[in-house]
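Colleague: Sending over a structure as structure tokens; questions will come in a sec.
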Amino acid sequence: MIGRYAFSVAIGVVVTLSLLFVMQLLIATGKAALTKPRDRAQLEFVRVRRNESLNVEDFTPEKPPKPPETPPETPPQDMDNIDPNAPSINVAPPEVTANTDIGGPGGMNIAEGDYLPIVRVAPVYPARALSRGLEGYVDMGFTVTTTGTVRDPVVLFSTSSLFERAAIRAVLKFKYKPRVVDGVPVEVPGVKTRITFQIED
């Protein structure tokens, strides 16, 4: 038991002395490393001068070709050299007949016929319906006046109230050829149309 303790103490003393020696050696070499001047590597750059030649002369574009000269005017015809005894040709003027009978009241011939659409304006898609991805249609009723404009638009049916105001604004911009009866344009009430609102892909 005592021998084991003695052996452990001896090993501890040897290890301690070894560590002290190594530490002393490191301290001595560390001082030399701090005081020794450090060699610095120097880099040398060699610049090669390029031979560059720039054309600094003013570049003037070539002049455009001159336009061709105008041809000389033809000389006036000499009327003194005309032979008065030259043979002449008699050409009879053509007969022209025109029907000047104009029908209709007041001498105006107004074509009879029903009203016809001339201009149909596409409605403006409501922003709220567009943001919701909502589609539908509005059935409208209105009166076509004697001048072809639209009066008294009424919503007959709509799939959503969001489309009604846009449909009314579009219908008021429609233009028609008015109905003509006996040469006189008349109003046409109860005209119906459908305004469709569809999101294009």
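Colleague: Take the residues of region 158-201 that are among the charged types (D, E, K, R) and assigned to a loop (DSSP other than H, G, I, E, B): which is farthest from the chain's Cα centre (by Cα)? Step through it out loud before you land on a result.
Modeller: Let us first name the residues in region 158-201 that are among the charged types (D, E, K, R), namely 164-165, 169, 173, 175, 177, 179, 182, 187, 192, 194, 200-201.
Okay, now just the ones that are also assigned to a loop (DSSP other than H, G, I, E, B), so 173, 182, 187, 200-201.
Numbers: K173: 26, D182: 50, E187: 42, E200: 17, D201: 18 Å.
Among residues in region 158-201 that are among the charged types (D, E, K, R) and assigned to a loop (DSSP other than H, G, I, E, B), the one farthest from the chain's Cα centre (by Cα) is D182.
Colleague: To continue, here is another question. Say whether the condition of being exposed (fewer than 14 other Cβ atoms within 10 Å of the Cβ), under 16 Å from I195 (Cα atoms), β-branched (V, I, T) and under 26 Å from the mean Cα position of the chain (by Cα) is met by at least one residue in region 123-135.
Modeller: yes
Colleague: Tell me whether region 151-172 contains one or more residues that are in contact (Cβ under 8 Å) with a residue 60 or more places away in the chain, of a type in the set (A, V, I, L, M, F, W, C) and loosely packed, with under 14 Cβ neighbours inside 10 Å. I'd like the intermediate steps shown before the answer.
Modeller: Filtering region 151-172 down to residues in contact (Cβ under 8 Å) with a residue 60 or more places away in the chain leaves none.
Scanning region 151-172, I find no residue that is in contact (Cβ under 8 Å) with a residue 60 or more places away in the chain, of a type in the set (A, V, I, L, M, F, W, C) and loosely packed, with under 14 Cβ neighbours inside 10 Å, so the answer is no.
None of the figures in this text is laboratory data; all of them are computed from the coordinates on show. Every value quoted in this text rests on a predicted model; they were computed, and no experiment measured them. Backbone-built Cβ (ideal geometry, glycine too); neighbour counts: all protein chains shown.
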